[in-house]
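Since every read-out is calculated from the coordinates, none of them should be taken as a lab result. These numbers were taken from a predicted model, which means no experiment stands behind them. Heads up, the Cβs are rebuilt from the backbone with ideal geometry, glycines too, and the neighbour counts pull from every protein chain shown.
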Amino acid sequence: MQDFNWKKLQNGSDIRGVAIAGVPDELVNLTPEVVNILGKAFSSWLSQKLDKPTSELLISIGRDSRLSGPALTQAAIAGINTLGSQVYDFAIASTPAMFMSTITDGFNCDGAIMLTASHLPFNRNGLKFFTAQGGLEKKDITDILTLAEKNEFVLSSAQGKITEHDFISVYAHQFVTKIRESVNHPEHYEQPLKGLKIIVDAGNGAGGFYADKVLQPLGADITGSQFLEPDGNFPNHVPNPEDKVAMASICEAVIKHQADFGIIFDTDVDRSAAVDQFGKELNRNRLIAIISAIVLQEHPQSTIVTDSITSDGLTKFIEQDLQGVHHRFKRGYKNVINESIRLNQSGQESWLAIETSGHGAMKENYFLDDGAYLVSKLLIELAKSKLAGKSLTDLIVNLQEPVESEEFRIKMGVEDFKALGDRVITDLKAFALSQSDWKVVPNNYEGIRVSCTSPDENGWFLLRLSLHDPVMPLNVESNVQGGVAKIAQRLTAFFHPIDSLDISTLLANLIIQ
């Protein structure tokens, strides 16, 4: 392991790598040997943090459905055991469940590891780490990788004990209890979802438990639920609520089976989206709007923190219709969550942090981004709406949605892509300020957001730097037909003279128009 690049495994506050060969130009770097050392490193790091010998630590471990999961789980367990730490093996689990194992009575694990790479392709895998204080931060991951690189661990004379547990059932029952208590159905308390047909699409990830361990005990008819069985080949569609094919699949299932509601999870269940009874997505701005409506009923005037690419219509809905505060912040679910926590600490009440990707975290739930918790909140409101003779989507009837919305990814063909990106954003700001019908939006925390006020554009755009890649995502929305193309045309004229920018996606849009 002398020349191994440990730093390359860091992906913000996670570890990710290639675990299986078979994809051209993607060399395996997350091997059982590497994960064994990472298990030791986490146990050692946790020992330092808690000022507790490794022989007294209890660490839980779970995985999603990835093909590499079982082998890497065993490798991590073996590494942890060599330091004498005890392990609870949960097998298939969700990322939020792993955190909950650190605070659930009867378990109270000192730390937890989830083996997942979220929605990434089958050959990838990764590790997410938790303590009772929540998910680890970027610096913590750096420290763990430093310990792994040194590989100077004091091995224990006695191996730690390994115990298998069905924790996902314990975790699922928490939702059953919460939904029963919150709905408080006057006729069938135990089964508040009786008479509702609800379809779950788990995308062959780890979320299939929600259908039989949460919905069925609550009385829901889950006929038509699909891809519940874990399968790391992901044979049906990518387990990602943002994926168009995946969303089309759950929408089609809701219509086909005349369901009242549809739920779709990502691979490790920290993200989710939903579908109404008409087969229409409750995703991105619509998902944020509906959970904001629920939160602001419970906590009036609260601040809703979102990522930067949410629509102007959402801001108007939250602030004018719901009488809340909309605080746009940087992309990245950790950024959004940490900003909401910071606002609370500064005295500004914030009960919801949510990204358009479907990562939603609530103050009432430890600011844990839990897709199952998010949809459980929606189901509580769905049941209450039915009792009142209303529809869940009545909550967002006033939400103004854009006529057109597109994301273009502009690639940068230079090594120092951050410097180029910063320069482009600076120059674009000067360009926007010179346009009489463009206005730079203040209090923007990343890149540049511009409001386009002319009648034939009537929208906005946001240009920012990707968190990790040599790419500048450009989000454009318009409230009029053809508005995105008009905005894109003017931006193309700005980008065209700049060397090393690949604006082919923008040009393709103009050709299609």
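Taking 28 Å as the limit for the C-alpha separation, the pairs Lys363/Lys418; Lys128/Lys244; Lys7/Lys418 exceed it in the case of Lys363/Lys418. Each residue of the stretch 290-302 is assigned a 3J(HN,Hα), and the resulting list reads 6, 6, 5, 4, 5, 5, 6, 5, 7, 9, x, 6, 5 Hz, derived from the Karplus form 6.51 cos²θ - 1.76 cosθ + 1.60 (θ = phi - 60°), x at Gly and Pro. Coupling constants for the stretch 444-456 follow from the phi torsions by the Karplus curve (6.51 cos²θ - 1.76 cosθ + 1.60, θ = phi - 60°), and in residue order they are 9, 9, 8, x, 9, 10, 10, 8, 9, 9, 5, x, 8 Hz; glycine and proline get x. Structural size metrics of the stretch 251-408, computed from C-alpha coordinates, are Rg and Dmax of 14.9, 49 Å.
Label sites at Ile498 and Asp469, each approximated as a point 7 angstrom past Cα along Cα to Cβ, lie 1.8 nm apart. Annotation for the stretch 1-68: GluC sites (Glu not before Pro) lying in DSSP loop with at most 15 further Cβ atoms inside 10 Å of their Cβ are Glu26. Residues whose amide H falls under 5 Å from that of Leu196, counting only those 5 or more places apart or on a different chain, are Asp221, with hydrogens built in the peptide plane. Counting every pair of alpha carbons in the stretch 404-512, the share spaced more than 16 Å apart comes to 55 percent.
With contacts taken as Cα pairs under 8 Å at a separation of at least 6 residues, the chain carries a relative contact order of 10 percent. The GluC sites (Glu not before Pro) of the stretch 67-170 meeting both criteria, a DSSP state outside H, G, I, E and B (loop) and at most 13 other C-beta atoms within 10 angstrom of the site's C-beta, are Glu152. The alpha-carbon of Lys390 sits under 19 angstrom from the alpha-carbons of these lysines, leaving out residues fewer than 8 places away in its chain: Lys194, Lys197, Lys280, Lys377. 3J(HN,Hα) along the stretch 138-155, derived from phi through the Karplus expression 6.51 cos²θ - 1.76 cosθ + 1.60 where θ = phi - 60°, amounts to 4, 5, 4, 5, 4, 5, 5, 5, 5, 4, 5, 5, 5, 6, 10, 8, 8, 6 Hz, with x in place of Gly and Pro. For the stretch 1-104, applying the loop criterion from DSSP together with a ceiling of 16 other beta carbons within 10 Å to the chymotrypsin sites (Phe, Trp or Tyr not before Pro) yields Phe4. Adding -39500 (n - 2.57) for every DSSP H run of four residues or longer, then dividing by how many residues the chain holds, sets the calculated 222 nm ellipticity at -10500 deg cm²/dmol.
Compute the whole-percent fraction of alpha carbon pairs in the chain spaced more than 47 Å apart. For the chain, the share of Cα pairs beyond 47 Å comes to 11 percent. Each of Lys52 and Thr177 was given a label point 7 Å from its Cα along the Cα-to-Cβ line. The distance between the two points is 2.2 nm.
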